[in-house]
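One structure is given below, encoded as structure tokens.
Just so it is clear, none of the values below were taken in a lab; they were calculated from the coordinates. Keep in mind the model is a prediction, meaning the values are calculated, not measured. Every residue, glycine as well, gets a Cβ built from its backbone with ideal geometry; the counts of neighbours run over all protein chains shown.
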Amino acid sequence: MTDKSLDRQRVLLELARRDPTNVPDTLRAITKVAALSMGVERTSIWRLVDDGSAIVCDDVYMLSKDDHRPGGRILARDAPHYFPALLESRALAADDVTTDPRMVDFRESYFPRLGITSMLDVPIWYRGELYGVLCHEHIGPPRHWTSEEVNFSANLADLVSLSLEAMERKTLERRWEAVIDAIAEMVVVLDADGTIVAANAAARENLERGRVGLTLDARNRTMEYRDTRDRVLPPERWPGPRALRGETVRGELIGLKSLVTGEMRYVRITSAPMREGERVTSAVSILTDVSEEVKFERIKRDFLAALAHELKTPVAISKSYAQLLSRQAGLPERALPMLDAIRRASDRMEKLIADMVDLSSIILGQLVLERAPTDLVAIARTVVERAGRSAPRHRLRLDAPAPVRVLADSSRMEQAIRQLVDNAIRYSPRGGDVEIQVREDAGGAVLAVRDEGIGIPHGQQEHIFEPFYRPHAGTPNDLGGLGLGLYLCREIVLRHGGTVLASSTEGAGSTFTLRLPLFTELPPPSPQ
Ligand code: ADP
């Protein structure tokens with residue numbers, strides 16, 4: 001290898017080490033290096049305009065003046081030999097521009113005007129398309145371009161492409177970072193070992209452990225991940241590591257406890273694996289801080305539970321004393337209906353308290369069902385018999401020609417059906433028929449409770465199952481209550497894999513239809 005070629009290799013290496021994302025700077029460095037190492041008077045870089053109709057010179061370096069300038073423009077139509085040649089050759093090495101047919105377009109004016117005698121032009125390719133050309137224009141006696149010089153120049157042209165690519169990548173990255181930083185959620189990217197390799201502004205600011213470079217181990221030493229029941233989760237059950245094993249975790253509620261400050265916060269985490277081919281190489285986690293909501297939910301839940309507990313005892317005392325008193329001999333006649341009123345009021349209080357307890361178990365996810373094969377008709381019959389005793393003004397009819405087998409928690413299912421039947425009675429104050437129909441239909445179990453009561457105002461039927469929703473509140477038909485019964489009824493039915501719907505005509509009556517899967521020998525998977 002000659003001294004010169006060694007020199008050129010060193011120059012290429014230095015160029016490659018520069019920050020390639022500053023394109024104008026890189027172009028200037030390349031033209032200067034080309035001129036210096038090959039002893040050429042003018043070196044320039046030209047760019048093909050978008051529609052391919054011209055090339056524009058972005059930088060010309062003149063060796064004798066050691067100076068850079070922007071250059072002119074050459075139209076494709078003025079250079080019909082030169083433009084096609086650029087597309088076809090790796091390099092256009094013209095030792096003598098007066099005889100080379102590819103240079104004929106410039107022979108009349110351009111070459112004589114600048115005194116150019118030899119020319120070496122190397123096309124610059126970028127993303128499979130012609131980007132432009134790196135030109136070496138020699139002034140003085142014609143010279144021969146060696147293959148080593150042609151190669152060197154081709155390497156310089158490649159450096160231009162690399163610089164363009166690096167700049168494009170950086171622009172994209174910057175734009176993407178700006179988007180990620182602008183979102184309020186915390187975003188972190190984990191590598192295959194669970195180390196944080198990227199974190200957006202929200203994560204860096206809000207997450208004590210959101211720092212880039214933090215390993216899973218380091219996070220484990222300073223953080224506790226907890227599930228909704230406050231149980232500490234081992235790292236393999238954290239959403240990030242689960243995503244790294246290929247699972248997509250959607251909006252899971254996690255408690256994060258700092259072991260340094262003791263602070264507890266709650267986040268909803270969505271984690272998804274990122275794959276290269278089949279292999280999971282990293283994972284992205286998006287965290288939303290829901291601490292305020294969770295803390296408020298907990299206060300509500302604890303308040304409900306404490307209230308229910310405190311109310312139970314006095315109600316039980318009133319009820320049992322009323323019962324005891326009513327059995328006493330020699331009571332004045334007026335006392336019996338009064339004691340009965342106390343008993344009924346206590347029953348109602350007990351129901352309200354039970355609904356409150358159920359509501360807090362549902363919020364906590366602690367409504368546990370013990371399902372077993374059961375006859376829905378038998379449950380309906382128990383409900384109808386009990387309700388009939390305290391509804392003398394209504395005709396309760398059970399229409400159930402054959403047993404209907406379902407997989408149910410009998411006492412919860414009884415509670416759901418009792419709610420529908422009690423409501424049918426309660427909301428038909430002038431009495432009338434209450435019909436309970438149980439049958440098999442379209443491969444499912446159907447139980448319908450129909451009344452001839454006040455009905456539900458139009459447009460409110462779809463909300464009737466929402467907690468605390470009471471369409472008759474504040475009207476003459478307001479019979480009190482918390483508005484929880486139907487909500488609990490639907491929650492129970494949903495947990496049995498069923499549905500419950502209401503249809504009603506105001507002033508004419510309502511029908512509530514409950515559907516459940518039939519019990520077959522192979523029970524369907526529990527939706528719980
Ligand atoms: P609660 O638990 O207070 O009895 P529900 O959740 O059972 O309340 O019912 C909510 C509301 O739906 C009632 O306040 C009432 O306005 C209406 N509703 C329920 N069942 C019927 C019905 N059969 N006919 C008319 N309105 C009804």
message: Give me the percent relative contact order of the chain, please, defined on Cα pairs under 8 angstrom at least 6 residues apart.
response: 7 percent
query: Tell me which lysines have Cα within less than 24 Å of residue 4's Cα, excluding those fewer than 8 residues away on the same chain?
result: 32, 65
- line: Projecting the Cα atoms of 362, 151, 233 onto the charge dipole of the chain, where Lys and Arg contribute +1 and Asp and Glu -1 at Cβ, the residue farthest towards the positive end is 362
task: Would you please give the FRET efficiency between residue 16 and residue 113, computed as 1/(1 + (r/R0)^6) with r the Cβ-Cβ distance and R0 = 35 Å, to the nearest 0.05?
output: 0.45
task: Let me have the 222 nm mean residue ellipticity of the chain computed from DSSP H runs of 4+ only, each contributing -39500 (n - 2.57), with the sum over all residues rounded to the nearest 500.
output: -13000 deg cm²/dmol
statement: Pseudo-spin-label distance residue 204 to residue 50, built 7 Å along Cα→Cβ, given in nm, is 3.4 nm
statement: Rounded to the nearest 10 degrees, the helix 335-364 long axis (Cα) sits at an angle to the longest Cα principal axis of the chain of 20 degrees
- request: State the Cα centre-to-centre distance between region 399-455 and region 503-523 in whole Å.
  value: 7 Å
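Determine, for each peptide in 225-236, 93-104, the mean count of other beta carbons within 10 angstrom over its residues, then list the peptides with the highest first. Before the final figure, lay out the partial values.
Values: 225-236: 12.6, 93-104: 16.6.
The packing order, highest mean first, is 93-104, 225-236.
Most exposed first by the Cβ proxy, i.e. fewest other Cβ within 10 Å, how do 295, 257 rank? Please list the in-between numbers first.
Values: 295 13, 257 17.
The most exposed by this proxy come first: 295, 257.
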query: Got a sec? Charge dipole of the chain, +1 on Cβ for Lys and Arg, -1 for Asp and Glu; which of 493, 192, 81 is way out at the positive end?
result: 493
statement: In this structure, the FRET efficiency calculated for residue 169 and residue 9 from their beta-carbon separation, with R0 = 35 Å, to the nearest 0.05, is 0.85
Extension gain (nm, one decimal) between residue 73 and residue 95, 0.36 nm per residue minus Cα-Cα: 5.6 nm
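With a sphere of radius 13 Å drawn around the Cβ of residue 162, what net charge do the other residues whose Cβ falls strictly inside it have (Lys, Arg +1; Asp, Glu -1)?
Working: positive: 17, 18, 127, 169, 170; negative: 19, 158, 165, 168.
Charge balance in the 13 Å sphere: +1.
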- prompt: Can you sort 478, 289 so the residue with the fewest Cβ neighbours within 10 Å comes first?
  reply: 478, 289
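Can you tell me the length gained on complete extension of the stretch residue 370 to residue 36, counting 0.36 nm per residue apart and subtracting the Cα distance?
Working: separation 334, 0.36 × 334 = 120.24 nm, distance 8.78 nm.
Length gained, residue 370 through residue 36: 111.5 nm.
Only Lys, Arg, Asp and Glu count, each charged at its Cβ (+1, +1, -1, -1), so figure out the dipole size of the chain about its Cα centre, rounded to 20 debye. Before the final figure, lay out the partial values.
Values: 70 positive and 76 negative charges, 503 e Å.
About 2420 debye.
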- prompt: Which lysines does residue 295 reach when only Cα atoms under 19 Å apart count, and residues fewer than 8 places away in its own chain are ignored?
  reply: 257
query: Given a Förster distance of 22 angstrom, what is the FRET efficiency for residue 304 paired with residue 503, based on the Cβ-Cβ distance and rounded to 0.05?
result: 0.10
task: Find how much the distance from residue 23 to residue 65 grows on full extension, using 0.36 nm per residue of separation minus their present alpha carbon separation; answer in nm with one decimal.
output: 12.8 nm
